[in-house]
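*Asks:* Okay, handing you the structure first.
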């Protein structure tokens, strides 16, 4: 048996971990995760605090899954490797769920089962302190891990700002149209980089938003924070 604080000790201050047992999984979630780790006992959710806009931009990278990569994911996957190495030293296994792309579950649904935060009206995961500026990764392990974080109350304050600013009208009362959101994201994607819409994220009053990023491409690339 392990304790959560020993996992947290392996992480920098910008990252936080929590864990839950497989009893919290739905049957479909359990079946999906067992395809990656047959002897799973615990699900570890890692969260990284996105403090700079560039961290959450996706760039072409052929060696990565789906051919893109972001600095936030590069950082958090490296921290996840440290956690897995710790688990292995303790005699357990650890499996990092693949991302980006489909792995059978949504990371935000896994995080919603932890004390890290809760889903908001914008259908984004809201960390209890960082709000939507949170990048997630998930590790499966056969270790039983105790002393997880206390349950988290609702983080979203239901202010409606995300619904008001959404250009795709994807956020509705008690509902989210992912297909509308995806279609709009694809419509604004640039060839040089994947520039995702973040209006609902920036409208959220929970957490502190990084400065906006402007990128100019005219014979050369430059980036500056306004």
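*Asks:* So is residue 134 out of contact with any helix residue (DSSP H, G or I) (no Cβ under 6 Å at 6 or more places or on another chain), closer than 18 Å to residue 204 by Cβ and surrounded by 23 or more Cβ atoms within 10 Å (Cβ to Cβ) or not?
*Replies:* Spelling it out, residue 134 is indeed out of contact with any helix residue (DSSP H, G or I) (no Cβ under 6 Å at 6 or more places or on another chain), closer than 18 Å to residue 204 by Cβ and surrounded by 23 or more Cβ atoms within 10 Å (Cβ to Cβ).
*Asks:* Hey, among 50, 45, which residue is under 15 Å from residue 139 (Cβ atoms) and surrounded by 18 or more Cβ atoms within 10 Å (Cβ to Cβ)?
*Replies:* Checking each option against the conditions leaves just 45.
*Asks:* Could I ask something else about it? Taking only the stretch 130-166 into account, find how many residues are at positive phi and at pLDDT below 95.
*Replies:* Counting residues in the stretch 130-166 that are at positive phi and at pLDDT below 95 gives 3.
*Asks:* Mind listing whichever residues of the stretch 42-64 are modelled with pLDDT of 85 or more, in contact with a helix residue (DSSP H, G or I) (Cβ under 8 Å, 6 or more places away or on another chain) and not in a loop (DSSP other than H, G, I, E, B)?
*Replies:* Once the filter is applied, which keeps residues that are modelled with pLDDT of 85 or more, in contact with a helix residue (DSSP H, G or I) (Cβ under 8 Å, 6 or more places away or on another chain) and not in a loop (DSSP other than H, G, I, E, B), the stretch 42-64 yields 42, 43, 44, 45, 46, 47, 48, 54, 55, 56.
*Asks:* Give the residue, chosen from 67, 117, 91, that is modelled with pLDDT of 95 or more and either surrounded by fewer than 20 Cβ atoms within 10 Å (Cβ to Cβ) or assigned by TED's automatic domain parsing to the domain that holds residue 188 (or both).
*Replies:* Criteria check complete, one pass: 91.
*Asks:* Right, another one. Which of the residues belonging to the stretch 1-23 are in contact with a strand residue (DSSP E or B) (Cβ under 8 Å, 6 or more places away or on another chain) and part of a helix (DSSP H, G or I)?
*Replies:* Within the stretch 1-23, 4, 7, 8, 22 meet the criteria.
Okay, residues lined up against (1) out of contact with any helix residue (DSSP H, G or I) (no Cβ under 8 Å at 6 or more places or on another chain); (2) not in a helix (DSSP H, G or I):
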position: 103; (1), (2): no, yes
position: 109; (1), (2): no, no
position: 153; (1), (2): yes, yes
position: 159; (1), (2): yes, yes
position: 167; (1), (2): no, yes
position: 183; (1), (2): yes, no
position: 186; (1), (2): yes, no
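The values are calculated or read from the model by the stated rules, or taken from the named source; none is laboratory data. Keep in mind it's a predicted model, so treat the numbers as computed, not measured. FYI the Cβ positions are ideal-geometry reconstructions off the backbone, even for glycines, and counts take in every protein chain you see.
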